[in-house]
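To keep things clear, I will list the structure first and then write my remarks on it.
The values are calculated or read from the model by the stated rules, or taken from the named source; none is laboratory data. No experiment lies behind these values; they were computed from the predicted model shown. Glycine also receives a Cβ, built like all others from the backbone with ideal geometry; neighbour counts cover every protein chain displayed.
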Amino acid sequence: MSSSSPNIPFSLGETSDAELLELFQKERKADYLGVLFMRYRHLAFGVAYKYFRDREEAEDMVSHVFSLLLEKLPGKEIFSFKQYLYGTVRNECLARTRQIKKEGERHQEWVLTENTDNGFMEIENSVHLTDEKPLDEAVQEAIQQLGEEQQICVKHFFFDGKSYKEISDQTGFTLKSVKSYLQNGKRNLKKLLEERLNQSSSS
């Protein structure tokens with residue numbers, strides 16, 4: 001950060017958008033951007049509220065965008081701060097709504113997968129393998145015994161956090177096939193882990 005201008009001008013309220021932006025670009029002082037941002041904060045909030053219909057969520061987005069501008073603006077050539085701010089808020093809101101939608105879909109898929117018969121994840125709470133083979137290692141070894149399609153879907157869903165659609169897009173499997181591979185993979189994993197448990201108990 002430059003120290004060439006230790007005192008912030010007292011007449012910033014009369015300074016043009018372009019001058020404030022130039023000062024911020026040159027000296028990296030948040031005060032300059034703060035004054036500029038406050039001129040259009042109502043615009044940023046309005047855009048965010050239009051997407052979320054929630055004041056708290058909109059306020060969080062406004063704060064996020066300000067922090068983002070502090071980081072991203074230096075070095076950028078901008079002709080209109082107002083337009084740049086509008087575009088930034090809109091893009092961040094779109095990204096956030098996509099994330100919220102994905103999280104919702106992911107939750108529903110997780111509930112659906114967990115509610116299928118003979119799931120394997122619940123055995124973490126009831127199965128205790130030998131000290132030589134911790135559960136994580138045993139699960140990884142069991143996965144290697146699955147068919148290729150089941151391996152791929154189980155790894156993507158449970159370990160990579162991908163949704164059905166993401167798995168389908170990445171692998172070329174249909175959504176119906178992805179669901180089937182996951183359900184069968186869970187059932188087979190549970191069977192394999194229970195067999196290992198029985199072997200450990202009888203040895």
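Is there any pair with a first residue in the stretch 141-153 that is under 13 Å from Gln183 (Cβ atoms) and a second that is crowded, with 19+ Cβ neighbours inside 10 Å and among the β-branched types (Val, Ile, Thr) whose Cβ atoms are under 8 Å apart and which are 6 or more apart or on different chains, and what are they?
Final answer for the pair search is Leu146/Val154; Cys153/Ile167; Cys153/Val178.
Quick check on my filter: what residues within the stretch 9-41 are of a type in the set (Gly, Ala, Ser) and under 31 Å from the mean Cα position of the chain (by Cα)?
Listed by number, the residues that qualify are Ala30, Gly34.
Does the stretch 19-42 contain any residue that is loosely packed, with under 14 Cβ neighbours inside 10 Å, in contact (Cβ under 8 Å) with a residue 12 or more places away in the chain and closer than 30 Å to Lys165 by Cβ?
Among the residues of the stretch 19-42, not one is loosely packed, with under 14 Cβ neighbours inside 10 Å, in contact (Cβ under 8 Å) with a residue 12 or more places away in the chain and closer than 30 Å to Lys165 by Cβ, which makes the answer no.
Could you tell me how many of the residues in the stretch 13-31 are assigned to a helix (DSSP H, G or I) and under 12 Å from Pro74 (Cα atoms)?
Residues meeting the conditions: 8.
Name every residue in the stretch 159-203 that is surrounded by 15 or more Cβ atoms within 10 Å (Cβ to Cβ), part of a loop (DSSP other than H, G, I, E, B) and modelled with pLDDT of 85 or more, in order of residue number.
Within the stretch 159-203, Phe173 is the sole residue that qualifies.
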